[in-house]
Amino acid sequence: MYKILFKIARVGIKTEAAPVPDEALRAAAPRINAELLQLLGRALAIRHVDAGSCNGCELEIHGTNNPYYNLEGMGIKFVASPRHADLLLVTGPVSRNMEEALRRTYDAMADPKLVVAVGDCGCDGGIFGENYASRGRVANVLPVDVAVSGCPPDPAAIIRGILTAVAISAKK
């Protein structure tokens, strides 16, 4: 125990500095919330499904809910049931074992259904591609409205993808 404490005292705290607050993002939150209420008449509910990813994208999705990005402050929330969801957020290549569960989740959603594929694996199969264990990209299984590429994409890109999907649905 003493060995660890001495090492901590010798090395010190090695962390990166906190990000500088993005005032533009904070100023946009009330406007985005008002636009969502105007387009949908309620908050946007998202159901997330991990179809076989490495969990890198999930970490970034969790980052969208932290105090810096504050997704819920924009009127966007995650729900546990697809029956309550307006948008399906899918990460990873669709594994053969998750294909049926993903289809059932999509079928349980009410119309209009929005689907956002997150990460390179969700967009084009990534390093996994299509093989005996993987169906590849999400579009091979479900109709995708917006694809957010990146390995993993940052939380701001995920939020942009979600808002793009909402904007696309409003134009339909």
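The numbers here are math on the coordinates, done by the rules we state, and not lab data. No experiment lies behind these values; they were computed from the predicted model shown. Here the Cβ is made from the backbone with ideal geometry for all residues, glycine too, and neighbour counts use every protein chain on show.
Label the chain by shape, choosing from rounded, prolate and oblate, from the square roots a ≥ b ≥ c of the eigenvalues of the Cα gyration tensor; if a/c is under 1.5 it is rounded, and otherwise prolate applies when a/b is larger than b/c, oblate when it is not.
In terms of gyration-tensor shape, oblate.
Hey, with R₀ at 30 Å, roughly what FRET efficiency would residue 110 and residue 157 work out to, going by the Cβ-Cβ distance, to 0.05? Walk me through the numbers before you get to the answer.
Numbers: r = 27 Å, r/R0 = 0.90.
For R0 = 30 Å, the calculated efficiency reads 0.65.
Would you mind ranking 46, 13 so that the residue whose beta carbon has the fewest other beta carbons within 10 Å leads the list?
Details: 46 22, 13 5.
Fewest-to-most ranking of 46, 13: 13, 46.
What's the FRET efficiency of residue 9 with residue 62 using the Cβ-Cβ distance as r and R₀ = 35 Å, to the nearest 0.05?
With a Förster radius of 35 Å, E is 0.60.
Please report, in debye to the nearest 20, how large the charge dipole of the range 51-167 is about its Cα centre when each Lys and Arg carries +1 at its beta carbon and each Asp and Glu carries -1 there.
So the dipole magnitude of the range 51-167 works out to roughly 200 debye.
Which order do 57, 151 fall in if you start with the one that has the fewest other Cβ atoms within 10 Å?
So the residues, fewest neighbours to most, are 151, 57.
Which ³J(HN,Hα) values in Hz, rounded to whole numbers, follow from the phi angles of the range 80-92 under the Karplus curve 6.51 cos²θ - 1.76 cosθ + 1.60, where θ = phi - 60° and Gly and Pro get x?
8, 10, x, 5, 9, 8, 9, 9, 10, 9, 10, 10, x
When DSSP beta bridges are limited to those with both residues in the range 51-167, what percentage is antiparallel, rounded to the nearest 5?
20
Where does each of 58, 72 land when they are ranked from fewest to most other beta-carbon atoms within 10 angstrom? Working shown, then result.
On the way: 58 17, 72 14.
By the 10 Å Cβ count, ascending: 72, 58.
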